[in-house]
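What follows is a single structure, written as structure tokens, with notes after it.
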Amino acid sequence: MNLVERAKNILIKPKDEWNVISQETTSVQKLVTGYLLILAKIPAAAVFIRYGLIGYKIPFGGHVAGSVSFGLRHAIISYIGSVGGAFLSAYIIDLLAPNFASQKNFTRAMQLGVYSSTAMYVAGIFNMIP
């Protein structure tokens, strides 16, 4: 699985790519290390650039200059939140699967959670815009 091709295909031609994904037997470890941990860096890096380098505005308070430590804290929170959110959503999908006439399978639930969040990870680049 090529990360860039997979992300591009999910965004541009999702129906075809979901058919390809349904035939795969990717392990959770490979999915996390080869896809999730890499894509989750996009919004985290953008958050670091915004809060650590560019700065941010406070409503009715003006502009606050960026601070590397503040940006780093927010980037770490963003990264942990993205990865943790993927696992939480996979757990919930797996838990609710029988209610939707599907079978419990954590690997498939993780695929659904991670791959369907691709657009969110890629659009995370816009987090650097104040």
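Below is a table of values for the structure above.
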{"read-out": "Matching residues in segment 29-40 - criterion: being surrounded by 16 or more Cβ atoms within 10 Å (Cβ to Cβ) and either over 15 Å from the mean Cα position of the chain (by Cα) or under 30 Å from P130 (Cβ atoms) (or both)", "value": "Y35, L36, L39, A40"}
{"read-out": "Odd one out for M120 among (1) under 17 Å from the mean Cα position of the chain (by Cα); (2) under 19 Å from Y35 (Cα atoms); (3) open to solvent by less than 90 Å² (accessible area, probe 1.4 Å)", "value": "(3)"}
{"read-out": "Within segment 52-79, considering residues that are closer than 30 Å to T33 by Cβ and aromatic (F, W, Y), the one surrounded by the most Cβ atoms within 10 Å (Cβ to Cβ)", "value": "Y79"}
{"read-out": "Test set (1) modelled with pLDDT of 95 or more; (2) more than 21 Å from I10 (Cβ to Cβ) - P59 fails condition number", "value": "(1)"}
{"read-out": "Looking only at segment 97-117, and only at residues there that are aliphatic (A, V, I, L, M) and open to solvent by less than 70 Å² (accessible area, probe 1.4 Å), the one that is farthest from K8 (Cα to Cα)", "value": "A97"}
{"read-out": "Any hit, segment 94-105, residues being under 15 Å from W18 (Cβ atoms) and in a helix (DSSP H, G or I)", "value": "no"}
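The values are calculated or read from the model by the stated rules, or taken from the named source; none is laboratory data. As the structure is a computational prediction, the values presented were derived from the model and not from experiment. In this analysis, Cβ positions are derived from the backbone assuming ideal geometry, glycine residues included, and neighbour counts consider all displayed protein chains. Each accessible area value is taken on the protein alone, full model and side chains, heavy atoms only, with ligands, DNA and RNA left out. Shrake-Rupley method; radii C 1.70, N 1.55, O 1.52, S 1.80 Å.
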